[in-house]
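*Asks:* One structure is given below, represented as structure tokens, and several questions about it will come after.
All of the numbers you see were taken from the coordinates with simple rules; none came from a lab. Keep in mind that what you see is a predicted model, and the values were worked out from it rather than measured. Neighbour counts run over all protein chains shown; Cβ positions are idealised from the backbone, glycine included.
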């Protein structure tokens, strides 16, 4: 079957939400994260929710097959997964708490809507490739979905910061001793890319194959914690419900009224 074009804007997942991203995981993430136990000590220290230990023994890298599906499905199931990169031996990153899907067809807001060009070529690459583009002197990072030549991707809009907090503060030009809220680091795609030092030089990288990047399974999320809304900050195809976020998570961008519960939780 030719998968280069897909019909219909949205497909609901047929897998169990609580565990599906583990179905597509491989056990090699621990090889990448040999220093992550040390990195745990660098995370924010606030309430008990933030201080709870992370079970590194269950960390697994996602396989490329995870991304070879419709972007709406991938965007929803990336919530709760980890996204990190290693810079000069230091891992920086966190849990994905907000995403947006951009389709290969019937989506005027997608960069692929007018076809493949030099600036968006990575969006047509193999699934899991990073597509990074500049906007307003900052950058946005996407993970490519579906098959080669399709032109769909998932924008990572927000992370709950966990690893390399001090390094992220440096990248954002913030004083670590005065930075008590991680929202200043990874809430919104522009801040997120600044904190992880993501720019156009990262465009085309495959985080599944590159030893200095990792996308991996994380905390299980019940479906009740996931909220879907139209995407924000766009004017075309703005009615499509293709934004997904962890309801009540304080690191999610956008309006408070989009949440069903108080925005103060963390994973």
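*Asks:* Give the distance, in whole Å, between the Cα centre of the stretch 152-182 and the Cα centre of the stretch 224-242.
*Replies:* Each part reduced to its Cα centre gives a spacing of 24 Å.
*Asks:* Using the count of nearby Cβ atoms within 10 Å as a rough guide to exposure, how do 147, 104 rank from fewest to most?
*Replies:* Starting with the residue having the fewest Cβ neighbours, the order is 147, 104.
*Asks:* Another question about this same structure. Determine, for 187, 228, the number of other Cβ atoms within 10 Å of each Cβ, and report the residues in order from fewest to most.
*Replies:* Ranked by crowding around the Cβ, least crowded first: 228, 187.
*Asks:* If R0 is 25 Å, what FRET efficiency do you get for residue 220 and residue 64 from their C-beta distance, rounded to 0.05?
*Replies:* It comes to 0.70.
*Asks:* Sticking with this structure for a sec: Please arrange 129, 229 by counting, for each residue, the other beta carbons lying within 10 Å of its beta carbon, fewest first.
*Replies:* With the sparsest Cβ surroundings first, the list reads 229, 129.
*Asks:* What order do you get for 173-179, 188-194 when each peptide is scored by the mean count of other beta carbon atoms within 10 Å, highest first?
*Replies:* For the peptides 173-179, 188-194, the packing ranking is 188-194, 173-179.
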